[in-house]
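Here's the structure we're looking at; comments come further down.
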Amino acid sequence: AQKVTQAQTEISVVEKEDVTLDCVYETRDTTYYLFWYKQPPSGELVFLIRRNSFDEQNEISGRYSWNFQKSTSSFNFTITASQVVDSAVYFCALSGGSSNTGKLIFGQGTTLQVKP
Amino acid sequence: EAGVTQFPSHSVIEKGQTVTLRCDPISGHDNLYWYRRVMGKEIKFLLHFVKESKQDESGMPNNRFLAERTGGTYSTLKVQPAELEDSGVYFCASSHRQVPGANVLTFGAGSRLTVL
């Protein structure tokens, strides 16, 4: 069975601090995809990144970076120099399987509050 | 390009009443998904349409839920009769790739359902 665990329910930081959101996944598939989505107060889920299981390179996009480690089944997300606009709920998700239909398995989400 | 549109944004109904949620996917997207988030828990998959056909409805909670996608365009999700535990946020997402497993799903802002 597939499962995604985001152990951090809520995180509060002060602006300009770095913060890491943890994501641990379980799957028996050899081919799978990992995602991060952001849910700002407006409600919609905004896509941030997709990673496939064969690409373990870390990725950096501006203040955002992602650390994918298959050995520990983790796909952590770091925000450097956090800003108030980063306040949102962040979801990690997984899709995969031989008959992958695109169905996403989500973690419970981490609520990030960045205080000025 | 217009995003995924969901209506209503918020619905408050009494237990036993009926509610119909609507989703307009991005034009040309064959894949349409419904998800639900209940009380701060993980976002859970409900079902997946490919055009007008139900590809996977394994996440539908029970027969009080009925989803349709006539003509392969917009979709409706009807809850009849609604129960207290149906309260939550219902998300719709769509994608166009022919290899759905690699899809990036575009989500709507969700329809919040409150059952009193």
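Any read-out appearing in this document is the output of simple, stated calculations on the displayed coordinates, not a laboratory observation. None of the values given here were measured: they were computed from a predicted structure. We place every Cβ from the backbone using ideal geometry, glycine too, and count neighbours over all the protein chains shown.
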In this structure, the FRET efficiency calculated for A:Gln69 and A:Ile11 from their beta-carbon separation, with R0 = 25 Å, to the nearest 0.05, is 0.80
Normalised contact order of segment A:23-116, rounded percent, pairs of Cα under 8 Å and 6 or more residues apart
31 percent
Quick one: A:Tyr37, A:Tyr64, fewest Cβ neighbours within 10 Å first, how do they rank?
A:Tyr64, A:Tyr37
Counting only residues 5 or more places away or on other chains, whose amide H sits under 5 Å from the amide H of B:Gln55 once H atoms are built in the peptide plane?
B:His48, B:Phe49, B:Val50
Here the tail fraction of P(r) beyond 15 Å, over all Cα-Cα pairs of segment A:22-116, rounds in percent to 60 percent
So if a site counts as exposed when it's one of the trypsin sites (Lys or Arg not before Pro), its DSSP state isn't H, G, I, E or B, and it has at most 14 other Cβ atoms within 10 Å, what's the longest stretch of chain B without one?
B:65-96
Taking θ as phi - 60°, what are the ³J(HN,Hα) couplings along segment A:105-116 by the Karplus curve (6.51, -1.76, 1.60), each to the nearest whole Hz, with x for Gly and Pro?
9, 9, x, 7, x, 10, 8, 9, 10, 10, 9, x
Between A:Ile49 and residues 5 or more places away or on another chain, which pairs have amide H atoms under 5 Å apart, with H built 1.01 Å from N, and which residues are they?
A:Trp36
Separation of alpha-carbon centers, segment A:20-67 and segment B:1-60, rounded to whole Å:
23 Å
What is the gain in length, in nm to one decimal, between A:Ala1 and A:Asp18 on full extension, counting 0.36 nm per residue of separation less the C-alpha to C-alpha distance?
2.8 nm
Per q in 0.20 1/Å, what log10 I(q)/I(0) does a Debye calculation on the alpha-carbon atoms of chain B return?
-1.05
Of the listed pairs B:Lys44/B:Lys78; A:Lys16/B:Lys41; A:Lys103/B:Lys15; A:Lys3/B:Lys54; A:Lys16/A:Lys103, those with alpha carbons more than 27 Å apart are A:Lys16/B:Lys41; A:Lys103/B:Lys15; A:Lys16/A:Lys103
Provide, for q = 0.09 Å⁻¹, the log10 of I(q)/I(0) from a solvent-free Debye sum over equal Cα point scatterers in the protein assembly as shown.
-0.37
Based on other C-beta atoms within 10 Å, arrange B:His29, B:His48, B:His10, B:His96 from fewest to most.
B:His10, B:His96, B:His29, B:His48
Per residue of A:101-113, other chain Cβ atoms within 10 Å number on average 6
